[in-house]
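Input: a single structure, listed below in structure tokens.
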Amino acid sequence: MNQDSRKLSPDSVLPIPVVDRTYTTASVTDKISSIVLTGKTPYQWMIGFGMAFTLLMVLMIAVAYLFLKGVGIWGIDIPVAWGFAIVNFVWWIGIGHAGTLISAVLLLFRQEWRTSINRSAEAMTLFAVACAGLFPLLHMGRPWYFYWLLPYPNTMLLWPQWRSPLVWDCFAVGTYATVSLLFWYVGLIPDLATLRDRSTHPVGRVIYGAMAMGWRGGALHWHRYEIAYLLLAGIATPLVVSVHSVVSMDFTGGIVPGWHTTFFPPYFVAGAIFSGFAMVMTLAIPLRYAYGLEGLITTRHLENMAKVMLVTGLMVSYGYACEVFFGWYSDDKTEWFVSLSRFFGPYKIVYWLLIFCNFLTPQSYWFRWCRRNVLWLFITSIIVNVGMWTERFVIIITSLNREFMPAMWGMYYPTIWDWATYIGTIGLFMTLMFLFIRSLPMIAVAEMRQLVAEPAGGRKEHAEHH
Amino acid sequence: MAEKCPSHSHQAAPADPAGAPAAWSDGRRYWRSLDEMSGSKKFWDKVHREFPRFASVWTDDLSRRSFLKVMGASVALAGSAGCFKKPEQQIAPYVVQPEMMTPGIALHFATALPIFGYARGVLVRSDEGRPTKIEGNPNHPASLGATDAVTQALLLELYDPDRSQSVINDGLVSTWDSFLTEPQTGVSGKLADLKASGGAGLVIMTGTITSPTLGATLASLFQNLPKARWFRHEPVGRDNTRAGASMAFGPDRANVQAVRQFDQADVIVSLDSNFLLDDPASLRYARHFIDRRRVRDDRRAMNRLYAVEAVYSITGSMADHRLAIKPSRIEAVARAIAQQAGLAEVAQASDLTAAESAFAKAAAADLAAHSGSGLVVAGESQPPVVHALAHAINDRLGNVGKTVNYIDSVEIMPSEPWESLADLAAAMDSGDVKMLVIFDANPCYAKPAEVDFAASLKKFSLAVGSDGKPQYVTVRHGLFEDETSLFCQWHLPATHPLECWNDLRAFDATVTFCQPLISPLYDGRSTLEVANLLYSRLVEPPADAAVSGTANGYDLVRASWKNQQWKALSAATDFEIFWETALHDGVVPGTAFSPLGNVTLAPGALGALPTPAGGGMELVFTPDPHIHDGRYCNNGWLQELPKPLSKICWDNAVFLSVATARKLGVNNDDLVHLSAGGKTLEGPTVAVWVLPGHADDCATIYLGYGRTRAGRVGNGTGFNAYALRTAAAPNFMGNLTITKQDGSYQLVTTQGSQSMEGRDLIRVGNPDYAYKSTAKDEGSSAASRVSLPLISMYPETPGHDQGKQFDPQWQAWGMVIDNNACIGCNACVVACQAENNIPVVGKEQVGKGREMHWLRIDTYFTGGLDANGAVPQEVDNDAYGASTNRGDHPGAQGSGPGHAGDGAAATDVHAYFEPIVCMQCEKAPCELVCPVEATLHDQEGLNQMVYNRCVGTRYCSNNCPYKVRRFNFFQYADTETKSLALGRNPDVTVRTRGVMEKCTYCVQRISAARIAAKKADKYDDAGKPIIEDGTVVTACQQVCPTKAIVFGDISDTSSEVRKLKEEPLNYILLEEVQARPRTSYLWRLTNPNPELV
């Protein structure tokens, strides 16, 4: 529609705009591209990158030592043969989900407010999947044979074992990584062309030019682009559900008490979205502050995300309740024992921390003040990130350490190398994030221009329903 | 975890260097090294850190792994120095094929190995001339085809890279020739002097000797040298047994030995006797004992065992009634039993508790009712009076000649016993001793606390005469350079029993000719050869001076037997035939001593019984079930073998009952200081282990730990209990003070919780109850017990036709483990380790839950049984403090001692064993989850593990409900130490890092049998190769003394395993998981006396 109708919109319908109304198409472009194209790297960026890179080096050392000695450097044992590696894998994969959800699902549902955060959320997805993907490789006893999990023609005529959830996992995560990369890259193409055009440095022009793949902004280009983007969104959307469902089957496929439950797939998906939004929040809040992007990533974005977190937080809490209920209702001694062991057992602190982080903390989002208080959101988003990590810890460790045979009960204590690997992947993630912020537009310029130019377009009715 | 572990390095310096006499510090060049030894702290450090690389990595996180690697490197270096005989390189096939040898086909040779000095008959498997496994000899009376853990582990001792490899003189490598003829220190001159003086001042120290040839050599030596002395040093000897016999039968009968016939006994009373483990005939006894308890559908009679003991032993765990009381109280109970069994003249203790008198009354009544089929056994740890009482009861009830016989002593004894180490030390100090030769014994470590034998020996070795030569001679002959070798001038390397010729007697005196399986790896000589060397110098001149007067063991044993009346023993007309036959069979027929007919109680024997004494907190010293008195301390297999009941490995601890621990306010891993006699005797600071079922108000500590020069495996493990053990009270002592110390020590155990947590893991009850409860089980038909009915919609395993239980073309392998027969002796665990090349991982890795044993013996404690002898349905196991929670935190339900409840009385605690192997599930949960199909099913029903294909995701282990899979978290298998490579089974892959492994039902043995059947072209109508039942014997099954493990083809309706599967008492562990395991279990049965329930 037009400018007027937007002006007519009463504040009760759109209490906080998704873009600061003072922005024009040109100023949006300037604002976003200048972050990348400035010749001067802010010292804050240097400090942040330096810290992230240091942590990345920790990862390098941890991985080198791991390959040298074997997985025995970690705290895993029999019976707890899976430890931090799988906890971290599930955690990172979960974090990735928000990116896909924000980009693809909200695109399909025409939620305009997604526009200013989808790019960084997609980047986050990609980097989180990269971190996640490391762990299954690192945790293998003989990682140099990782490709045996893939169906490839070989002289031994051997195939993977299709009944194993780990093989499904391979495909699920592989597909997810591929589609996320494509989706992200396709979305970047118009912006890469903008950077190519605006870049004053010859090297920048060549690189951005090559990456822009000859984008000229023609109507045909836009037409093809819109279709391709929409198609990829359509492909990516089921992945939001499928990837974490398959990851959950890594557990439900086993007969381990505490794992062998039917409700894991939806519960895992909800948890993934929960943690993903928390991570987007954790990243977006400092970013908008550092780069003065409050007008683009507005409080409304944050509030919407808080609402999503409230809903998904309640869903995972329902999952926790279900676990306990099924444990009791099954009348299965070992199953019920695992529940009790979570409440009162050696890892009870982790369990109650989980309940605090994932159930109690998000309840504050019932209150508008909490949803709009940026500092509170930042703190709680971190709490939820921790909570989701403890959730995976509880599922994996507390199920394995009290299984069928009391004789083979055992404890799991993470070693310094467990921690180093975990913290190291945070370093990898942050390093990639910093490089992304510095070299690519963290907000989709073309889409923002569209939003500024035609914010009350045909898509808007849906926004109002939100 | 590891950080908590205090360093042992401070224990290394054995003596105060300041005590060195000044006379030796004059720097005479010759004495330099010993001089330093006595004077310099720095030197002591150096001695301790003899392997500096090892010492520095020891405190490191991954120390044991690293040190095993270092060990490998040291051996490689030693090899390059020429001390290690490298295997010859064969690049061409044999020109002349050695007789019987086909490369790839193992041979078995019969021999015997000395355990407690007694022969244990074995068959040793030899692969291309390398002994690779020790198995039982069915012909041998002490074996009956079984072996124990220790005997099997002697294989690892053979290949131990820490073995002494050459003659050492004052710390320097020397030679056998130098030993005799070296002008300064050689012993030729001294031997000549001794010969001239009739042996005055010569002391020869040995352990227990049963070898007729060695005995004859020594006897002849002492006959010719009447002034020489023979000193027997056996830290855990049979003194009480002998004294008890002397008390009962008179001093002239002190040396008679009892041979028990458990196969004739219906009621057995054990007075602190661990006859299932600690006896030269324990394998035989265990077989006979269990044979009388084996209940089948058609045979439900059982023998009944009453045990009274302090520490929970495996014998006690098999008891139908067990009374856990302080060791000093056992005599009172024995007296009460004796009196009520009809020996009215025995003086009584007045202060029997209700439990004690009820126990005594029931046991005595049962014994009396089974006159002639009862048996009372007294343990060596009990004072002579208890032995005398046992003899008296057996005598009075007419058991002698039926369940017990007496024979002449099998041990060869000195004519004049002189058994105090203090006397010897005094004689050395006073100069009465001129030459000390120590065979095998280690008196500087295993000694009474009050004797500082090391100091005496050091002074003795360092004494210098006026001519500047050493005044005395000290010679040590042994397998290892240990604490004693350090203070001897000469250390002579011994050959391992698998490397030399010998002859040994078993518990009943049956002789075995021991043959070597391999030529000596190092420059060792056998005890027999060295004794003969001395003999030739001291009595007869050497026949050929050029060879230093050494005859080899082969000639010596043969000569000895040629001289004896071998003709009376054999129908053979030719000695060679006699010799070959005896060698082949592993026994010399007719050498067992006949029962003595006239062993009766000496008149008035019982009137003279001393009255019981004792008091305060008591401390029991008992030999470690695996490393014994410390002699096997450097054996990795035995160190890592979980001790029965406590499941601790790599350490000893002070065992306390739940109530006593609570009273003292201590818990597992706490450190306590032990002292006695009002602190006149300071013992070690020891870690506590709370052992349910241990008697209250006393403590137990295993001997054999805390060694400083055992070798790189044994050094620094555990605590030295000898520091508190006096010559006066070698078995238990009173007035113990236990003081809690700050800090803790990490004891490692292989079992997470020892409580069944109310789960149906081991089914227990008396036969009536057991058969009644199984009859109630719906669908408990014989067929369903063989293999559960299919309830899955998922198609059967390929090769198994729907509707047909087993594929007729293939065998269906299965196993039944009889929980009622398992005595928890651990023989199977070592057998599995040897057969399947299972690595030793070290204490730190065990502490993390990474031990590699494919077979484990789960041990659960429960509280009081109900009237059926069954574990009550809802038993609060936590009350017994049975949960150890490997790691440490008390669990959700299971809790450490000190939690929940007051703990059951020690007597009410029952322990049960359940050996767990891979169950070979037909619907194996592990197979489903492996992404690369590294574990899969074969047509014979085996759950296979393909090491080459394994990528190490470990999901299979997570998904295994029985947790039988083991993972190589590091490169555990030591592929660098050359000597260890020799001992491996060539038919089994050595696994690498990152690979999962587990029990395979000894698939290599199955393959060998199948190949043999196919080569023989024997097939049945369905085309299945015919493998007779009993052809395939798994390693664990083979060594089991009680035949608790039965393996075979369950599709063969006539096989033993099939018949057991059809037994009503057959059950499946965790049946509800529906994994359909091929391994099943039989009920553990009890036979309680109704009077006592």
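Net charge of the neighbourhood of residue A:141, taken over other residues with C-beta under 9 Å away and scored Lys/Arg +1, Asp/Glu -1, is +3.
Once backbone amide H atoms are built at 1.01 Å from N, residue B:1082 has B:817, B:818, B:819, B:820, B:1067 as its partners under 5 Å, excluding neighbours fewer than 5 places away on the same chain.
For the protein assembly as shown, the dipole from Cβ point charges (+1 on Lys and Arg, -1 on Asp and Glu) about the Cα centre works out to 4240 debye, to the nearest 20.
Placing unit charges on the Cβ atoms only, positive for Lys and Arg and negative for Asp and Glu, gives chain A a dipole magnitude near 920 debye about its Cα centre. P(r) for the protein assembly as shown, from all Cα pairs and a bin width of 10 Å, is 1, 7, 14, 18, 17, 14, 10, 7, 5, 3, 2, 1, 0, 0 %, short bins first.
Residues whose amide H falls under 5 Å from that of residue B:754, counting only those 5 or more places apart or on a different chain, are B:883, B:884, B:885, with hydrogens built in the peptide plane. Taking the longest Cα principal axis of chain A as reference, the axis of helix A:115-139 is set at about 30 degrees.
Centroid-to-centroid, using Cα positions, segment B:309-352 and segment B:514-535 are 46 Å apart.
Between the helical axis of A:165-198 and the longest alpha-carbon principal axis of chain A there is an angle of about 20 degrees.
Rounded to whole numbers, the Karplus 3J(HN,Hα) couplings from phi for segment A:280-293 are 4, 4, 4, 7, 5, 5, x, 5, 5, 6, 5, 9, x, 9 Hz, using 6.51 cos²θ - 1.76 cosθ + 1.60 with θ = phi - 60°, and x at Gly and Pro. Evaluating 6.51 cos²θ - 1.76 cosθ + 1.60 at θ = phi - 60° for every residue in segment B:353-369, the Karplus couplings come out as 7, 4, 5, 5, 6, 5, 4, 4, 5, 5, 5, 5, 5, 5, 4, 5, 6 Hz, glycine and proline recorded as x.
Amide hydrogen proximity for residue B:205: with H placed 1.01 Å from N in the peptide plane, the residues at 5 or more positions away or on another chain lying under 5 Å are B:231, B:437, B:438, B:439. Round to a whole angstrom and tell me the spacing of the C-alpha centers of segment A:42-76 and segment B:119-158. Cα centroid of segment A:42-76 versus Cα centroid of segment B:119-158: 52 Å apart.
3J(HN,Hα) along segment B:395-402: 5, 5, 8, x, 7, 5, x, 10 Hz, from the Karplus curve 6.51 cos²θ - 1.76 cosθ + 1.60 with θ = phi - 60°, whole Hz, x for Gly and Pro. With a Förster radius of 60 Å applied to the C-beta separation of residue B:1028 and residue A:263, the computed FRET efficiency comes to 0.65.
Would you please name the chymotrypsin sites (Phe, Trp or Tyr not before Pro) within segment B:405-478 that are DSSP coil residues with at most 10 other C-beta atoms within 10 Å of their C-beta? Working shown, then result.
Working: sites: B:406, B:418, B:439, B:445, B:453, B:460, B:472; in loops: B:418, B:445, B:472.
Of the chymotrypsin sites (Phe, Trp or Tyr not before Pro), not one in the loops of segment B:405-478 has a Cβ with at most 10 other Cβ atoms within 10 Å.
Summarising the label geometry, the points placed 7 Å from Cα in the beta-carbon direction at residue A:26 and residue A:67 lie 5.3 nm from one another.
Would you mind checking B:562/B:1043; B:647/B:998; B:447/B:663; A:69/B:963; B:963/B:1043 for any pair whose Cα atoms are more than 28 angstrom apart? The answer is B:562/B:1043; B:447/B:663.
Each value in this text was obtained by applying a stated rule to the coordinates, not by laboratory testing. Keep in mind the model is a prediction, meaning the values are calculated, not measured. All Cβ positions, glycine included, derive from the backbone under ideal geometry; neighbour counts span all protein chains shown.
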